[in-house]
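Only one structure is covered here, and it is reproduced in the block below.
Just so it is clear, none of the values below were taken in a lab; they were calculated from the coordinates. In this text the structure is predicted, and so the values were computed from the model without any measurement. Note: ideal-geometry Cβ built from the backbone for every residue, glycine included; neighbour counts use all protein chains shown.
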């Protein structure tokens with residue numbers, strides 16, 4: 001099978017002062033039954049750095065303009081079906097500390113308006129018992145480590 005060229009993406013692991021994180025409920029194109037929860041973020045545009053893309057995605061998806069972008073903590077390389085095609089995506093996850101704020105989704109692009117069904121602030125306990133799929137699948141464990149102050153000195157490769 002031919003190897004797909006990677007789509008480079010960035011994601012924000014948002015942490016607010018109350019120890020919560022922000023996730024978006026999304027469904028795959030053409031399959032509203034394939035539901036999962038993801039961190040804010042998206043693909044890099046030509047010429048963008050990861051940090052520029054992350055700032056743009058945070059502004060577009062959440063309305064957030066003031067935040068403390070911390071280190072890249074996780075790396076993920078996944079291939080998955082997306083509508084009628086397959087995508088290989090390399091993601092860099094950054095820890096982003098934020099003040100409490102009201103999420104503003106007015107900057108969503110057309111495809112985000114269709115696929116991103118809603119957003120929610122999660123406590124660690126809610127993540128642990130959540131009945132729908134979180135991405136990555138062990139997000140609750142990874143987030144718990146952040147709350148304990150266990151930040152990696154180098155980004156950790158994570159799985160599905």
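Take the residues of the stretch 123-141 that are under 17 Å from residue 24 (Cβ atoms) and part of a helix (DSSP H, G or I): which is farthest from the chain's Cα centre (by Cα)?
126
Pairs please, first residue from the stretch 49-63 and on the phi < 0 side of the Ramachandran plot, second anywhere and part of a helix (DSSP H, G or I) and surrounded by 14 or more Cβ atoms within 10 Å (Cβ to Cβ), Cβ atoms under 8 Å, 6+ apart in sequence or on different chains.
Taking only residues 6 or more apart or on different chains, the pairs are 60/112; 61/112.
What are the residue pairs meeting all of these: first residue in the stretch 18-32, first residue exposed (fewer than 15 other Cβ atoms within 10 Å of the Cβ), second residue assigned to a loop (DSSP other than H, G, I, E, B), Cβ atoms under 6 Å, and 6 or more apart or on different chains?
From residues that are exposed (fewer than 15 other Cβ atoms within 10 Å of the Cβ), the pairs are 30/83.
For the structure I just gave you, tell me whether residue 96 is touching a helix residue (DSSP H, G or I) at 6+ places or on another chain (Cβ under 6 Å) and not in a loop (DSSP other than H, G, I, E, B). Before the answer, list the steps.
On the way: touching a helix residue (DSSP H, G or I) at 6+ places or on another chain (Cβ under 6 Å): no; not in a loop (DSSP other than H, G, I, E, B): yes.
No.
Name the strands (runs of 3 or more DSSP E) wholly within the stretch 13-86 that hold at least 2 residues that are under 17 Å from the mean Cα position of the chain (by Cα) and within 20 Å of residue 102 (Cα to Cα)? Step through it out loud before you land on a result.
Working: elements: 21-28, 31-38, 41-43, 68-82.
It comes to 21-28, 31-38, 68-82.
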